[in-house]
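See structure below.
The values are calculated or read from the model by the stated rules, or taken from the named source; none is laboratory data. A quick note: this is a predicted structure, and the numbers were derived from the prediction, not measured. When we count neighbours, we look across all protein chains shown, and the Cβ atoms used for this are built from the backbone with ideal geometry, even at glycine.
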Amino acid sequence: MCEALKRVIKEIREGLEDTGKLVPLLSNLGFTDGRKAATNLNLLRRDVQHPQALNRLLLVILKSSVESPDPDMALNNLERFVSFHEDKEKVFTFLSHHKEMVPPLLLLFGSSQYLSTFLFSAPQEYLDWLSTPDLLKEPVSRGAMLSNLRREITLKTPVNEVKTILRRFRKREYVRIALRDMLEYGTLAEITQEISNVADVCLQMAYEVCNSDLQKRYGRPLYTDMDGQIQECQFAVLGMGKHGGEELNYSSDIDIMFLYTSDNGETESGTLTNHQYFVKLSEMVSQVIGATTEEGFVFRVDTRLRPEGEKGDLACSLRSYEIYYESWGQTWERAALLKVRPVAGDDSIGRSFMAMIHLFVYRKYLDFTAIDEIREMKAKIDKNIAVKGKETRNVKLGYGGIREIEFFVQALQLLYGGKEPWVRERNTLRALHRLAQKGFISYEEEELLSAG
């Protein structure tokens, strides 16, 4: 590798235009398309008035490219990244003073075209940001993310501007998190936690701005409490599925439900009932997060886990949820609520919801009927996958896939969670460990399922 690199660098420095000599050397070095790699190097050199600026970086550029998963894509994306800068000379000067940035940059360029395109949208901004000392070494907490966003968004920020800021924020955070992941600075649990934090804080800011916008138009939604006192009606966003379990991955959508305090009331202007107000608010939040704009979307939003699915109200009061689950709640909904948590909005009403669903989800007696129903649910999914011919290669839904492990965990939680509070855990990996600690599965089984 070292000798081959030296020969390539020597040829480039002596006459980069002679691609005929470079092609076999670059192919031997690890590039699949040596001619295209040579072209990219020529383009990089033409981007600068002083070739020595590139020459000083050749060794680390080529070495980092061939060590990435896709050397050809890495080098091509570097050339594209430089081409998007107005001052291309400045890029090489900057990287010469920050050579430690080149390997992670090329790793990203050679690993994900999707993430690489984020950098093309604001190349200098990303370059300055990525040079922040220790940016990748430690995870960023939910509180720190929220503080960062509050510096960019206030309650006076127009909703359309908030959409743009949140999309750019998500892109920037995904680049940081992915690099931490690729460089093995974070564990799987830390990476999925950070992605979930991104969803939480984006929903929080969307809620705050949208709620402020609606209150300016209609006034606050009010209700009369049990003591006869007039109170402001509160709102919360509930995270379900992988979002609720704080285990989102890079391509996950977010499953959410919307909750508010009481139907008995209206806005200060008298123009909307509380229900109408919070349906509007829920629609606005969903749009801010899920609508596709020129900047893409923040997260795809799925609200079908709410009572009665797509036919049901988008937002429900606490009492409405209570009546529904008491009267019509099904086993699959109990399983879904194992992962629910308040992710944005007012924390107190979120806690009230969690207390309300407790007896619905966790029964005091052993509920073997629920296990049969979960088995039937899994059988239906297996049948659907088999019809599509994907039963052996569907990582999420197929045999031994992610959903199968989740079903296994949820079955044990529904069976034993009423008697054993310790196994009431939203996160699948942590739930497996707790089940092993209580002897419901062996530690060998925990290790096997966690690795899967």
Handout entry: Flag for residue 351 being in contact with a strand residue (DSSP E or B) (Cβ under 8 Å, 6 or more places away or on another chain), closer than 22 Å to residue 374 by Cα and basic (Lys, Arg)
Key = no
Handout entry: Residues located in region 144-170, provided they are of a type in the set (A, V, I, L, M) and either under 19 Å from the mean Cα position of the chain (by Cα) or not in a helix (DSSP H, G or I) (or both)
Key = 144, 145, 146, 149, 153, 155, 162, 165, 166
Problem - Qualifying residue in region 94-102 (condition: within 30 Å of residue 209 (Cβ to Cβ), aliphatic (A, V, I, L, M) and either surrounded by 14 or more Cβ atoms within 10 Å (Cβ to Cβ) or touching a Cys at 6+ places or on another chain (Cβ under 7 Å) (or both)) - result: no
Practice task
Would you be able to say whether some residue in region 222-237 is acidic (Asp, Glu), part of a loop (DSSP other than H, G, I, E, B) and surrounded by fewer than 20 Cβ atoms within 10 Å (Cβ to Cβ)?
Solution key: yes
Exercise for the section: Might you let me know whether region 399-409 holds any residue that is farther than 24 Å from residue 196 by Cα and in contact with a helix residue (DSSP H, G or I) (Cβ under 7 Å, 6 or more places away or on another chain)? Expected result: no
Practice task
State whether one or more residues within region 236-258 are of a type in the set (Asp, Glu), modelled with pLDDT of 95 or more, over 30 Å from residue 402 (Cβ atoms) and in contact with a helix residue (DSSP H, G or I) (Cβ under 9 Å, 6 or more places away or on another chain).
Solution key: no
Practice task
Collect the residues in region 97-135 that are at pLDDT below 90 and among the polar types (S, T, N, Q), keeping them in residue-number order.
Solution key: 121, 124, 131, 132
Completion exercise
From the option list 160, 148, single residue qualifying as in contact with a strand residue (DSSP E or B) (Cβ under 9 Å, 6 or more places away or on another chain), over 26 Å from residue 77 (Cβ atoms) and surrounded by fewer than 18 Cβ atoms within 10 Å (Cβ to Cβ) is 160
Exercise for the section: Output yes when any residue across region 111-134 is surrounded by 19 or more Cβ atoms within 10 Å (Cβ to Cβ), touching a Lys or Arg at 6+ places or on another chain (Cβ under 9 Å) and touching a residue at least 60 places away in the same chain (Cβ under 8 Å), and no when none is. Expected result: yes
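This table checks each residue for (1) modelled with pLDDT under 85; (2) assigned to a loop (DSSP other than H, G, I, E, B); (3) on the phi > 0 side of the Ramachandran plot; (4) crowded, with 16+ Cβ neighbours inside 10 Å.
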| residue | (1), (2), (3), (4) |
| --- | --- |
| 384 | yes, no, no, no |
| 390 | yes, yes, no, no |
| 395 | yes, yes, no, no |
| 398 | yes, yes, no, yes |
| 409 | no, no, no, yes |
| 414 | no, no, no, yes |
| 419 | no, yes, no, no |
| 422 | no, no, no, no |
| 426 | no, yes, no, yes |
Exercise for the section: Please specify each residue of region 244-301 satisfying the condition of being within 25 Å of residue 334 (Cβ to Cβ), of a type in the set (Val, Ile, Thr) and outside any loop (DSSP other than H, G, I, E, B). Expected result: 254, 256, 301
Completion exercise
Out of (1) assigned by TED's automatic domain parsing to the domain that holds residue 211; (2) in a helix (DSSP H, G or I); (3) among the aliphatic types (A, V, I, L, M), the one residue 343 does not meet is (2)
Completion exercise
Checked against (1) at pLDDT 95 or above; (2) surrounded by fewer than 19 Cβ atoms within 10 Å (Cβ to Cβ); (3) hydrophobic (A, V, I, L, M, F, W, C); (4) over 19 Å from the mean Cα position of the chain (by Cα), residue 332 satisfies every condition except (1)
Fill in the blank from the handout: Taking region 118-138 and keeping residues under 19 Å from residue 296 (Cβ atoms), touching a helix residue (DSSP H, G or I) at 6+ places or on another chain (Cβ under 7 Å) and not aromatic (Phe, Trp, Tyr) leaves 119, 123
Practice task
Output the residues belonging to region 344-362 that are touching a helix residue (DSSP H, G or I) at 6+ places or on another chain (Cβ under 7 Å) and closer than 25 Å to residue 273 by Cα.
Solution key: 344, 345, 349, 352, 353, 356
